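Novice: Provided herewith is a single structure, encoded as structure tokens, for subsequent inquiry.
The values are calculated or read from the model by the stated rules, or taken from the named source; none is laboratory data. Quick caveat, the model's predicted, so the values are computed rather than measured. All Cβ positions, glycine included, derive from the backbone under ideal geometry; neighbour counts span all protein chains shown.
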Amino acid sequence: MAVEEKPGVKSSSSIVPCFLFVELVIMAGTVLLAYYFEYTDTFPVHIQGFFCYDKTFSKPYPGPDDTSKIPPVLIYSLVTAIPTLTILVGELCAFFTKAEGTQEKTIVTADCCYFNPLLRRIIRFLGVYAFGLFTTTIFANAGQVVTGNQTPHFLSACRPNYTALGCQSTMQYITERRACTGNPLIVMSARKSFPSKDAALSVYSAVYTVMYVTLVFKTKGTRLTKPTISLTLLCLAMLVGVVRVAEYRNHWADVLAGFFTGGAIAVFLVTCVINNFQQLQPSLPPPRPQRPESVLGMPMVTLPCVESPLEKLSGPQVRGGGGCEARLCSQKRGRDTHPLSLT
Ligand SMILES: *[C@@H]1O[C@H](CO)[C@@H](O)[C@H](O)[C@H]1NC(C)=O
């Protein structure tokens, strides 16, 4: 570590490969766990009973997931392709326009390996994204397996023999484990409903991409580009949830829980793990607004300007260049742009 420090170049001979190794191990573990949840029955689903003739679970069977209007294959492809393309385009643009706040130190490991700053940013954003995607899958699958809540079409898939079970009234609760006469595979998947994995994945992907677009994209001149992209993505994610409910594949509660899971994981990763996609710029003093009285000569409505929690989280160095709340706040104070603003 006794290498001379050049400005803008961080030297490290041993620490980076070590961290990289740890991260690869964690990543591999996550992928493996997601695989076991998804494609094996290592974790058996909790068998819940049901009420005879329960109307909540008596919707018609809509067919396997692949026959849905938004099949899993489509969701998986979009959830992979849209953020990857967005991040690649955003990073390439930021790199070639030398955007402020996106400059990164070049890491030199020994004499051989130079981590290209562009490559480093892309790998970090995509790596954290992929990690979150697998984590969301694990959370959703674990929730489904642990709760064992049934889908709205459960009784149509289960086809219980009410005569043999002795069902007389709708108040009778059936705990018999072999109550179902339907196809065991379909019955098993009809027991996995809470939370909705499709909803969780699409919202995770949308929120991550939206936060990336909002915090990193520079669209000088057009003020509506970022909101358009963001709202379109969020709309698509909502649509996935709506279709899940409309096709009797999930209840509303499942979809909402999925939205919450995916959204929470995305927000956590962006704010706490990659610190708002920001790079610390200690050399630039944070410019603070001086004249909060007016915007474009108009008297300013004194809105209570709430300090952003993101701003506080990322420390004093990035103050003023922090999250979108911070920027909103500073715009309210009457300052449209400053050297670190990413608008
Ligand atoms: C339901 O169970 C009764 C009594 O065991 C049996 O007679 C009848 O055939 C069963 N019905 C079906 C559709 O399996």
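Novice: Looking at the stretch 322-331, can you tell me whether even one residue there is touching a helix residue (DSSP H, G or I) at 6+ places or on another chain (Cβ under 9 Å), outside any helix (DSSP H, G or I) and at pLDDT below 95?
Specialist: yes
Novice: Quick one: which residue in ALA140, ALA81 is surrounded by fewer than 19 Cβ atoms within 10 Å (Cβ to Cβ), of a type outside the set (S, T, N, Q) and either at pLDDT 95 or above or at negative phi (or both)? Walk me through how you get there before you give the answer.
Specialist: Values: ALA140 fails: surrounded by fewer than 19 Cβ atoms within 10 Å (Cβ to Cβ).
The unique qualifying residue is ALA81.
Novice: Out of the residues in the stretch 151-182 meeting the condition of being in a loop (DSSP other than H, G, I, E, B) and touching a Ser or Thr at 6+ places or on another chain (Cβ under 6 Å), tell me which one is nearest to the ligand (Cβ to nearest atom).
Specialist: The selected residue is ASN161.
Novice: Quickly run through the stretch 226-264 and pick out the residues that are in contact with a helix residue (DSSP H, G or I) (Cβ under 6 Å, 6 or more places away or on another chain), among the hydrophobic types (A, V, I, L, M, F, W, C) and more than 14 Å from PRO195 (Cα to Cα).
Specialist: ILE229, LEU233, LEU234, ALA237
Novice: Name the residues in the stretch 40-79 that are over 21 Å from GLY148 (Cβ atoms) and either assigned to a loop (DSSP other than H, G, I, E, B) or without any contact (Cβ under 8 Å) to a residue 40 or more places away in the chain (or both), would you?
Specialist: The answer is PRO60, GLY63, ASP66, THR67, SER68, LYS69, ILE70, PRO71, VAL73, LEU74, SER77.
Novice: Which pairs turn up if I take residues in the stretch 185-199 that are in contact (Cβ under 8 Å) with a residue 12 or more places away in the chain and closer than 14 Å to ARG159 by Cα and look for partners that are buried (at least 23 other Cβ atoms within 10 Å of the Cβ) and of a type outside the set (A, V, I, L, M, F, W, C) with beta carbon separation below 7 Å, at least 6 apart in sequence or on another chain?
Specialist: ALA190/GLN150; ALA190/THR151; ARG191/GLN150
Novice: Within the stretch 20-27, can one find any residue that is at pLDDT below 90, surrounded by 11 or more Cβ atoms within 10 Å (Cβ to Cβ), of a type in the set (A, V, I, L, M, F, W, C) and in a helix (DSSP H, G or I)?
Specialist: Scanning the stretch 20-27, I find at least one residue that is at pLDDT below 90, surrounded by 11 or more Cβ atoms within 10 Å (Cβ to Cβ), of a type in the set (A, V, I, L, M, F, W, C) and in a helix (DSSP H, G or I), so the answer is yes.
Novice: Pairs, please: C-beta under 8 Å, at least 6 apart or cross-chain, first residue in the same structural domain as SER196 (by TED's automatic domain parsing) and in the stretch 217-240, second of a type in the set (D, E, K, R) and assigned to a helix (DSSP H, G or I)?
Specialist: Pairs found: PHE217/LYS226; THR219/LYS226; VAL240/ASP198.
Novice: In addition: Determine whether VAL187 is in contact with a Phe, Trp or Tyr (Cβ under 6 Å, 6 or more places away or on another chain) and either part of a helix (DSSP H, G or I) or hydroxyl-bearing (Ser, Thr, Tyr) (or both).
Specialist: Here the answer is no, as VAL187 does not meet what is asked.
Novice: Residues ALA157, ALA130, ALA140, ALA190: which one is in contact with a Leu (Cβ under 8 Å, 6 or more places away or on another chain) and in the same structural domain as TYR212 (by TED's automatic domain parsing)?
Specialist: Values: ALA157 fails: in contact with a Leu (Cβ under 8 Å, 6 or more places away or on another chain); ALA130 fails: in contact with a Leu (Cβ under 8 Å, 6 or more places away or on another chain); ALA190 fails: in contact with a Leu (Cβ under 8 Å, 6 or more places away or on another chain).
Result: ALA140 is the single residue among ALA157, ALA130, ALA140, ALA190 that is in contact with a Leu (Cβ under 8 Å, 6 or more places away or on another chain) and in the same structural domain as TYR212 (by TED's automatic domain parsing).
Novice: Another question, then. Return only the number of the condition from (1) within 16 Å of the chain's Cα centre (by Cα); (2) part of a loop (DSSP other than H, G, I, E, B); (3) β-branched (Val, Ile, Thr) that THR222 does not satisfy.
Specialist: (1)
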